[in-house]
Each structure stands twice: as structure tokens, then as C-alpha cells.
Number of protein chains: 4
Amino acid sequence: MSEKLYFASDYMQGAHPAVLQRLLENNLLPSAGYGTDGFSEAAREKIRLACAAPEAEVFFLVGGTQANALVLTALLKPWQGVIAADSGHISVHEAGAIECGGHKVIALPQHSGKLCPAEVEACILAWQRDANREHIVMPGAVYISHPTEFGTLYSLSELESLSRICRANGLSLFLDGARLAYALACPENELSLPDLGRLCDAFYIGGTKCGCLFGEAVVFPRRGTVLHFFTIIKQRGALLAKGFVAAHQFDALFTDGLYGRIGETAIRAAARIREALTEKGYPLAFDSPTNQIFPILDAGQLARLSASVEMGFWENLPDGRTVMRLATSWATADADVDALIALL
Amino acid sequence: MSEKLYFASDYMQGAHPAVLQRLLENNLLPSAGYGTDGFSEAAREKIRLACAAPEAEVFFLVGGTQANALVLTALLKPWQGVIAADSGHISVHEAGAIECGGHKVIALPQHSGKLCPAEVEACILAWQRDANREHIVMPGAVYISHPTEFGTLYSLSELESLSRICRANGLSLFLDGARLAYALACPENELSLPDLGRLCDAFYIGGTKCGCLFGEAVVFPRRGTVLHFFTIIKQRGALLAKGFVAAHQFDALFTDGLYGRIGETAIRAAARIREALTEKGYPLAFDSPTNQIFPILDAGQLARLSASVEMGFWENLPDGRTVMRLATSWATADADVDALIALL
Amino acid sequence: MSEKLYFASDYMQGAHPAVLQRLLENNLLPSAGYGTDGFSEAAREKIRLACAAPEAEVFFLVGGTQANALVLTALLKPWQGVIAADSGHISVHEAGAIECGGHKVIALPQHSGKLCPAEVEACILAWQRDANREHIVMPGAVYISHPTEFGTLYSLSELESLSRICRANGLSLFLDGARLAYALACPENELSLPDLGRLCDAFYIGGTKCGCLFGEAVVFPRRGTVLHFFTIIKQRGALLAKGFVAAHQFDALFTDGLYGRIGETAIRAAARIREALTEKGYPLAFDSPTNQIFPILDAGQLARLSASVEMGFWENLPDGRTVMRLATSWATADADVDALIALL
Amino acid sequence: MSEKLYFASDYMQGAHPAVLQRLLENNLLPSAGYGTDGFSEAAREKIRLACAAPEAEVFFLVGGTQANALVLTALLKPWQGVIAADSGHISVHEAGAIECGGHKVIALPQHSGKLCPAEVEACILAWQRDANREHIVMPGAVYISHPTEFGTLYSLSELESLSRICRANGLSLFLDGARLAYALACPENELSLPDLGRLCDAFYIGGTKCGCLFGEAVVFPRRGTVLHFFTIIKQRGALLAKGFVAAHQFDALFTDGLYGRIGETAIRAAARIREALTEKGYPLAFDSPTNQIFPILDAGQLARLSASVEMGFWENLPDGRTVMRLATSWATADADVDALIALL
């Protein structure tokens, strides 16, 4: 189709056909604004059902940085900060959105992109035991992403540990699910939506990278977790006048279990690419099972592949080689995967 | 079609068919993220052309409160506030978004929803002449909306006065064009897009209420008016990963002059409704020529009409009557206008 | 003594001799930092006793704007604003400190510098009854000053009304007592420290203008009103390393009832000046019984008096006359009052 | 004198006698407010002279966290953060004051409490070269403390390197001089006040820990470095009504070169203690030449010394030993040093 092969990111195309179809069908139906309409409530109810969280409060936001910033602003008290991996999206790639909202990101070392529960606990206890703790930012929440920025996955046991540590110490646990569909479609994934509903205080179900034109569904499994979140959304400029446009999309994603399947194409494609890379001797920077692949390329490989393939840059290694990122998505075509593999 | 007649607002339906068509056509074309793609640049260029502002910096945001908050944050210094009518959207209906960003809204009395240039100048001079001015918020920008929240329009001479006053005193002039298409389609309107490009330091061209699923195009006519606005957008959670989704919509609106015509249906419908109301003896709260109509209803009229018509509530009058708002849009059907008039 | 007569403000001189003496006596006694020392606790206890608020949490801050900003930040939720008179210090003369902290000042018309309880209640009810209230800043606290910026005083019945309205509607009542000593020394004053402890959720006892080098004692009569205020103070840069320096001063003020008497000199002086002005036919802009006097001067009077007297500028009247402010203090000398009166 | 020996911090006592004397002498002289008086200007002029910075803008603030937060707020743009050592005061012990003001602290590894110029440069270049830099906080300033929190000192060559790197890349260099007098009195110190005036964009001369009741003198050596700093101070609640109270103290410190000598007592005392510790075989955690000493104590030593000496806790070591901090000051008595040494 196109002259180049596009594997630079998982947000390069519009919406999944089922999502677009829903927008088309409902385009001229008059609906109340700001998410107070029936379509929005119906979509919220489908999400509550999928998460086995009948009391959940659900809000549709536009993008991931917005969801992270607003949820953490709502969860944290002014004297608190949020613990995150030093590779976490809020630590490095959100232009200081959390700090802009007044809170410190307390960065702990990443392990394959993940937080280590024992280190999280140690960080919390260190604050509690510090005689000067009232001069130090109090850890008030823990931020994790699943899949992580490295494409890796938390195990159920890890999430249970983090949840237990948070609850024992009065912190909130927040999960960034920007690419959640690619976890759910991955055989190695152990975390279901009901697990998130049970173990997290807040999480968001990614739409932008998982089949929507835009949109993230923020879920607070327990009613009353935060107060006046609607007004906080408005105040931060994040309230959609036409809330139904987000709701239609999520309704489509949560009809007939589409969200659970929508990542399968991407996972299959990524597995094929990963296998081909390994066969041809390309080392991988991270052992990640989801829709992101991180080959390490030497200068010649980089030049050759870049001529035909749009990839994402990840990191320069000290030895002169380069880590690149290949991302697949719900829209990745088999023919493009074939063509990419042929080029390796 | 529907059981009720819907005149509650101008953001009750999806996108104009030409806009939706564009989204459909381009849905699967791979594009770079964050507005760095060619579609986004093409749409920006069409807007520059329409505004006769070839050097303009154009950014696509999601909604009006977001556009107001981000542009004003970028224009104002920490010690400055923004002058606005006390009926202005930022004064009353944005949940304190400007204050949340650290700035005072310096509210002046509205006159049919508008600021009076002489009063703006007096306010600026009063600050300059106050011996204690360093203890007082400095006026740093002027915010106006066109059409205003009352549906009224600034004259060219008024805008020129405001622009002259702002430039003489080092303030920025910012125009909120959430409903700009309904001004442009209105015979009484004197302000063209090139006038805005010439007289304002920043303005936004409304999409959400004027044919888009969502979206506002922020225009800084002069390059370098604000620095690092891209990062400010990201930091405030307002950066669209799929910037092209907004761009496709604005490209459609600015193809073949659609934006200049898209409000005509609404203006014609509003004129018919206004005429019918007047004929039937309903007083109007404001003498507004655009797509919002503000009839004053007594209790009987309110009860009767509310049974069949979705209207917006505006204000309770001391005498027990109620000001309601009827809004038309690009999507208003002639049949619905006929039906409404028949009910009056 | 000095060549000019100084009546420009009540913060033109250092500390009351008893306060300075205390600083001298304790200067070299080693004390723990940050207000954790025994001197600080002793001073807090004296204030609790004077306010008949044995559970009160007391914090020593440096100045009035700081006290207002920190207490309101701590009392308000992110979606709330504070109701204040449009003449209130936080409305006009704190450079936007409240907005800088993210909150709107909801300004109501002043009546002799005071809020009208009925208007406060109407404002709160209007928000509660507004269908769009989630788009509007919620009133979360009421700010009053006593004496007001106009030198006037709330009656006990007014304070009781405000307290009742706040408690009935879940708002906090905060009283700015920058000049509280001048109320307490005033025969017309009805409000005792125990009244404040009983009726307010927070207030501060002014030191800077009432005998200290600097310092304001913030009182939260009920324990647990705000959480982690110590850390909020630290975070906003307001924590004194040598907290004992403020504590020594307040301890002196609250030893043998000095704070209740310290304003008497000022009140007597102001009464004499007010009487002389009236006798000589100078109109007064406000009928205020405390240590501020607001004569209206014509151009000749202004020029003549300014040659010999340092006064504060208040306002230009449309008719060309000028309102000036004369302030007396605990340090005002009888001879200076005599000299001023001779000049009138 | 006192029952215990007090070495817990260098802010446990009031003011140096010469400072207190100045407050006494000037206590009743009427002066204008907010630092607009002649005493304040005279003190500023003495500081300009001492720094060989005749154009410097000088402001008196109350404390160190306040000075750090306000200066950095004024120097940084909204999209920028500040580079600091991970042991820097702003990184760990200011309760998130910088983040509360909206900015990220970009923490680099400390080396004996200091930043390494080469690592600072690498951090700046990494941002400049990152293709995603507009999604990442831009380094906008560098924060150092001298002496550092570990009592160590930058060499002149290190400061020159940092200054050169900052100027080459458009960053501001800010030096926290909370304990600057203890550097100036230290034989190992290479940095003079004129060096700071020449190489820094902003710094503050510590008063609270160096002879004042409270106060820090912020110096911007070049006029116009920041705009409207007066209003920023007011807005953040940091403006002293009686600015002259801070000015009198700094005037005393900068009369006859007192500030250059005031730390000598502390440095001599610290050297004696350090020597005694070393002789008696106590290891020191840091090799610091100024007024802070960091002995490593085993459980027995800790228990024994704590019974008689107030020390500051620093850190628990993994092997069960404890790092404590002993601080001397201008007020340290020889007899107390003798007694401490006898106890070792």
C-alpha cells in the first residue's frame, strides 16, 4: 500500500472499523453534553461489568498523560508524591506533567521496566522511619504501567504484592493501561480486568493505542475514591463537551468482548517479528512479550532498515549500536509483517 | 425523528458529514504522532491562508476550556491576570481553570456580554497609576469571546479599540471563538478571520460546536508570540497522540470555505425562531443575532414548552419568570424548527 | 523627634519593648529548630488559654499574606474558592496569592468593608441550586478580616450568623486578624478571642502590626481541621528554622494579657485624631472605630498636610478630592498626635 | 552552662550580638514598609559592594527553602526543571517545594555532596540531542549549595566550569549559600563573594544560620535577570512588611566585614572536634572542612554520647552503625567544645 513499512508506533492510524462504525451510526443522534447522556452511561456500565466492579466510577478522558496527571492529582494530597519506576512514562516522557500539578515523582530503579515490590515497600518505610519525614515528600501513591514502557508485564503475584503494600500503608495504587489491550491479548499476561478492579485504586483502559481515535477510560473501582473528579476534569480543561464521542468508541470496544481480542493481531505480528529477529541473530534489548520489540542494530543494519521501515528510536548504546523500537497494533497488516521480515 | 425537539445546545450531535467523511477516508493511512504529520501541516496551512496570517503558529486542541487555559497560561506572566467580562466563560463556567493555573480573572461588567473598551483601558490605567501596583495583580491580557456567551457580536471598531489599547499597554488580546462559525455566517458580523489575524495576539477557531467531533484550532498570528507551546500542551495533558484526527477535521472545515458557510443553517433557523417568538409576544433577554436565543418564559410557558422541547436553562428572574436558551447548530433540521415554532 | 510626623501605616517601627526584651533574654539559649522547642510550645499553650481553645493547633508564620494563602490552601479543596469582600486584602492587595495557589476569590460587595451574612448565604445557595454547579467554582470557605481593611468591626451577631451559615453548608470560616489587637482594645469591639475560637474554623492573631518584629499566630481551634499543615508550611517556604524567634515574641504578647492592652495607645490616639478632624470639618470616608482614620482632603489640605505628615494614600475621588489613611499603632507618641492635631 | 552540650544544628540560637544591637538601636525609628526604606537600600548597597556587583538586585527573604523556591520559580520557565545533586536540599529536605511550584528537580548523583560539571554538561546535551526532547523536562537551571549539605566546598575551577557550561547552554546557575559564612571563614575555601557575583546568575547569602534571627539575602548580580521579583515575593507570601528588620541585620553583618569573620569560631571549633575524633579513632563519613562534622558511631558510642550531647541524626548504615552530624556555629563556646572532646 504505502511505500514505507510503518512500525514506528501503535498510534499511527485512526480507529478500528467497529469503533468507526459506531461513530457513524450515532453521528446525528442528539445527546446531552459532558458525558451526562445515556450512551455514556451505557458504555460506563459495560466497563463496570467487564471489570467485575459494579460500583466503579468511570470517566472518559482524551489521552494518557492527561489521565495520569488528573488521576494522580486527585489521589494525592498536596504534601504527597508518587512512586514510579525511573523509566515510567510519568518520570520521563510527560514533560513534567506531574510536577506541573505540584507533586514529586519519587523515582525508583526499574527492573525490566517494572517496580520491585520490595523496593517500593522499603521506600515507604524509609519515609515513615525518617525523623525528618515532615520535611520530605510523603509517598502517597504508586504508579505502574501494564504493559510497561518496555513492553513487559507484571505477574499477578507482583500486582498483589504492590496492592497489599499500598493498602497496608495508606497509599493508592494506580495502573496506566495505555496499552492494556496488548497485555490482555498476550498469552503471558496474568492480569485480567477484574484483577485490576480488585487490586488497584484507579487504573485506565487505553483507547488511543488500542482501537480508538482517542480516549482513555479511567476506572475507580470503589465509589468515593476521589471526590468531585468531574469538576477536576473540567478545571483542567479535560472535559469533553461531546462526551458521547468517547463513549461510543468505548461502547464498541466493550461490545462482544472486542477489547479482549483487539490486541491479538498485534501480538501475533510481534511474535513473528521477534522470532525472525532472533533467528537472524539480532539481539533484543528487552525480553518483552507484548506489541513492542526492541532490536539492537549496528550502524549498517540501522541504515539499511531505516531506508524502508519507519521505526521508533529508543536509545544509543555506548558501543555505537542503537536500540530501536518496532511497534505493532490492531491495524498491522500481515503483508507488512512479511515484508519487514524479508528485509531483516 | 426523535420524540423531543432538541435545542438545548449546539454540541448535541457528532460531526458534519464532510468532516466525518474525511476521517473515514484517511482512517488507515499511517501518520506520525503528535501533529508532526503532513496532514496536520496541511490543515495548519489552510488556516494560515484563511486568516491571511502566513507566519501564524497553529495548534489543534480538544476543547474550549483547555484552549482558554493553555493560551492564557502561555501569554501571562506569573504576576499577571486576565481582564474578562464578568459574564465571560472563563469568569463563570470553567470551574476556575484560570485560577487553577495560577492567574486571577479580573472581571469587568459585561455590556450585552461584551467588554467596553473604555472600561478596559481605565482598568489598565488604574493599575499603572496605583502606587501599590506591585501588590496588585497586573492586567496582562484581555479575554473576549465572539460571539459572546450572550450570542452578541463585537463590532470591528470595538475590536480595533481593544487591540489598540492592548498594544499601547503591552497586553495580549485573546479571542475565544468557540462559536466563531456562527459569527461568520451572521449578516451582522463585521469580523473576518483576517481581522482576527491582524488584531488579536491569539484566538481559537471553534470546532466542537461548529462541525467537529471535537477540536479547537488555536492561532497565534505572529510567530514567536509564545515559546514552547508544544511542551506546554504536553505538560498539561492536552497533546493528542493522534494529532491527525483533529487535523483531518479542520482540513475538511477549511476546504472550499466550508467553515465560512457551516453556520448558515443555524443562523437562518435562529432568525426564524427569534421572529416567531417576537411575533407571539415572548420577550427576549438579549438582542443577539447569532445561533443562541434567550426567551423569557413565564411558569406556564416554561412547563408547556419543556414537555416537548429540550432547552437550556439560563437564569431565574426575580419576578418568577425564567430565561431559557435555545441553540441552533449546523445540524438543526428545518422540520424541527417548524415544529418548535408551531409549539410556541 | 523626627522631622516628619509618621502616620502612614502601623508597621513602621520595630517591636514593643516587652517583645524585644524577651528576644534579648533568650537570645543565646539553645533551642531545637522548626518550632519543636519548649519555648514554642509554651507560647502556643498561652494562646490556647487566651482563646479558651485547649485543643487548638497553633502555628507561627511570618506575615499576613503568607498566613492567608497557607491557611486557605489548607482549608480549600482543589475545586473550591473562597468568598471575600471585594475590598478584602486577599481580593486586592496580595498580588493574586490565592489564585497563585490555584483558587478563585469569589468577591462579594463590601459594606463598610464587611461581608453581609445574607449575601454570603445567597451566594452559597446559588451555587447549590445551579444546575451547572459542577462547572462553577464551589464556595469552600469565607474570608473576613477583623478589623477590616476599612477599620470597621464585625458585631458578635454578624460573626455568629456567618459561622452558622458556614457550618450549615460545610464551608470553613477564616478570620484575618492582622490588626486584631486594635479591635481588642476598641470599646466598640464585641469579639473576644474565645468568640473567635468558638465561631471560626481558623484565624490568625496579628503580630507584625501589633508589637512584633514580624509574626502571625495561626489558630485552628479544633484539632484535625487541616492535616500536615507543618509540611504545607515547609513546602511553601514559610517554615522558620528558628521558630523560637516568633514564639518568644508571642509569648511576650500573651504574658500578663499584653495583647489585650497593646492596642490601647493606638485607639486613644485615633480617637483624638478623629475628633479633631471632625471638629475642624474634615469629612471621613468611613465610620471606623479602630486605629485607621480615612479623612477626605481637598487639594489644598492634601498639599499642606503632606508637607509635614507621612500619610497613606487610599483613593482619588471623582470630585478631585483624595481619601488618605492615617494609622496609629502601639508606638504612636502623644506628642506626635498633638503635633498632628495642631496641623489640621 | 546548659546541662546538655548542643551540637545538633547551627540554628539553635538567636542573633549575633552585633546584629541584635543594630535591631535595638533602630527599633523605634519610623521606616517605610516592604523594603522601600533607606535602611534597606543601605544594606543592599553594602552587599553590592562586598560582591563587587554594583548593578546587583538584592532582596531580603526569610529562609532558605523560601529563597530556593522563589528564585528558581523566577528563573525557570514553565517547561523547565532544575538540575541538582540527589543529596541537594531542594532534592530531599524541602518537602517538595520546587515541585509544588511546578518544576521537576532533575537529580544527578552527588560526589561528596557536589555536582560533577561533566555530568551536568552531559545531562544538558542529552536533552538537546533527544529527538523527543519536547516531551521531556528541559534543564533550565543548575542548583548548587556552598558549602554543600555534606559540608564540602566547590573549588573555583569547578564553579567556573559550571558557570561556563550554564552560559554556553542558556541555563541559569544558582548557588544556595545558607551556610556561606562557614565557607568564607574556612581556609580551604576558594570562592569569594565577588566570584559568586561574577559566575552565578543568582545566589543567596545565608543569614539564618550565620548570625541573624532569620533572613537570607538573595543576589541577582546582573540587573534584569528576573522581572517583577518584588511581586513574586509578595504573591508567594514572602514579603516582609517590616523589611527593615531583615535589612538591619544584614547591614550589621556587612559592616566592617563581619560576615567574612563570623564563621571563624565555628570553623576553629569544628577543626578541633574533627581532630579529636580522628585521634580517638572515630571514622568520619565525609571529608568536609566546614562547620559540619559527620562521625560514624557504633551503638555503644551513640548511646553514650547521646546522653550528654544533642547531635543531629544523619543516616543508619547497613552495618548497624550510625552517621551523626555535629554542627558548630558563630555561637559555639570554647568550653562546650572542650567538654565535647572530653566526652569522646
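Readers should treat all values here as calculations from the given coordinates under stated rules, not as data from a laboratory. Computed from a predicted model, the values in this text were never measured in an experiment. Virtual Cβ from ideal backbone geometry, glycine too; neighbours counted across all protein chains shown.
A few notes on this one:
- Using the Cβ-Cβ distance between A:Glu279 and A:Asn316 with R0 set to 22 Å, the FRET efficiency works out to roughly 0.30.
- Listed residues B:Ala183, B:Ala122, B:Ala252, most fluctuating in chain B (Gaussian network, C-alpha, under 10 Å): B:Ala122
- Charge dipole of chain A about the Cα centre (unit charges at C-beta), most positive-ward option of A:Tyr34, A:Ser172, A:Val309: A:Tyr34
- Each other copy holds its own label point for B:Asp256; taking that point as 7 Å from Cα along Cα to Cβ, the gaps run 3.5, 9.0, 9.3 nm, nearest first.
- Each Cα pair under 8 Å and six or more residues apart adds its separation to the average, and for chain C the resulting relative contact order is 25 percent.
- Dipole magnitude for the stretch C:20-140: computed about the Cα centre from +1 point charges on Lys and Arg Cβ and -1 point charges on Asp and Glu Cβ, it is near 80 debye.
- Using C-alpha pairs under 8 Å with a sequence gap of at least 6, the mean separation divided by the residue count of the stretch A:144-218 gives a relative contact order of 32 percent.
- A label point on A:Ala307, set 7 Å along the Cα-to-Cβ line, lies at 7.8, 8.2, 9.4 nm from each of its counterparts in the other copies, closest listed first.
- Taken about its Cα centre, the stretch D:17-260 carries a charge dipole of about 460 debye when Lys and Arg each add +1 at the Cβ and Asp and Glu each add -1 at the Cβ.
- Modelled this way, with points 7 Å down the Cα-to-C-beta line, the labels at A:Glu160 and D:Asp130 are 3.7 nm from one another.
- For C:Tyr182, C:Tyr282, order by how many other beta-carbon atoms lie within 10 Å, fewest first: C:Tyr282, C:Tyr182
- Computed from the Kirkwood radius of its Cα pairs, the Stokes-Einstein diffusion coefficient for the stretch C:1-117 at 25 °C and 0.890 mPa s stands at 137 µm²/s.
- Shape call, chain C: gyration tensor on alpha carbons, a/c limit 1.5: oblate
- Calculated FRET value between A:Ala303 and A:His111, using beta carbons and R₀ = 51 Å, to 0.05: 0.95
- Each residue, C:Ala18 and A:Asp287, gets one label point 7 Å from its Cα in the Cβ direction; the gap between the two is 7.6 nm.
- Each stretch of four or more DSSP H residues adds -39500 (n - 2.57); spread over every residue of chain D, this sum gives -11500 deg cm²/dmol at 222 nm.
- Within the listed set C:Phe203, C:Phe39, C:Phe60, the residue fluctuating most in the Gaussian network model of chain C (springs between alpha-carbon atoms under 10 angstrom) is C:Phe39.
- Distance between the stretch A:229-294 and the stretch C:49-119 - C-alpha centres, whole angstrom: 47
- Peptide D:210-222, shielding by other chains (average Cβ, 10 Å cutoff): 2
- Förster radius 51 Å - calculated FRET efficiency between C:Ala339 and D:Arg261 (Cβ-Cβ, nearest 0.05): 0.70
- 7 Å along Cα→Cβ, label-point gaps from A:Cys116 to other copies, nm, shortest first: 2.3, 6.7, 7.0
- Exposure proxy order (Cβ contacts within 10 Å, fewest to most) of D:Trp127, B:Trp79: D:Trp127, B:Trp79
- Furthest towards positive pole of dipole, A:Leu343, A:Pro194, A:Ala270, structure part chain A, Cβ charges: A:Pro194
- Placing +1 on each Lys and Arg Cβ and -1 on each Asp and Glu Cβ, with no other charges, gives the protein assembly as shown a dipole about its Cα centre of roughly 0 debye.
- DSSP finds beta bridges in chain D, and of those with both partners inside it, around 50 percent are antiparallel.
- Gaussian network model of chain A, Cα within-10 Å springs - most flexible of A:Ala84, A:Ala97, A:Ala126: A:Ala126
- 3J(HN,Hα) along the stretch C:45-54, derived from phi through the Karplus expression 6.51 cos²θ - 1.76 cosθ + 1.60 where θ = phi - 60°, amounts to 5, 4, 5, 4, 5, 5, 9, 6, 10, x Hz, with x in place of Gly and Pro.
- The mean sequence distance of close C-alpha pairs (under 8 Å, at least 6 residues apart), as a share of the length of the stretch B:186-285, puts its relative contact order at 22 percent.
- 3J(HN,Hα) along the stretch B:97-109: 4, 5, 5, 4, x, x, 10, 7, 8, 8, 8, 10, x Hz, from the Karplus curve 6.51 cos²θ - 1.76 cosθ + 1.60 with θ = phi - 60°, whole Hz, x for Gly and Pro.
- In Hz, Karplus ³J(HN,Hα) per residue of the stretch A:271-287 (6.51, -1.76, 1.60; θ = phi - 60°; x = Gly, Pro): 5, 5, 5, 4, 5, 5, 4, 5, 4, 8, x, 6, x, 10, 6, 10, 8
- DSSP beta bridges confined to the protein assembly as shown are antiparallel in about 50 percent of cases.
- Residue-averaged beta-carbon neighbours from other chains (10 angstrom radius) around D:99-110: 5
- Looking down the axis that turns chain A into chain D, the chain A residue with its beta carbon nearest that axis, and the gap rounded to whole angstrom, comes out as A:Glu99, 2.
- Pairs beyond 23 Å (Cα-Cα), from A:Lys234/C:Lys77; A:Lys280/B:Lys242; A:Lys77/A:Lys234; A:Lys234/C:Lys104; B:Lys4/B:Lys209: A:Lys280/B:Lys242
- Gyration tensor (alpha-carbon) shape descriptor, the protein assembly as shown, a/c threshold 1.5: oblate
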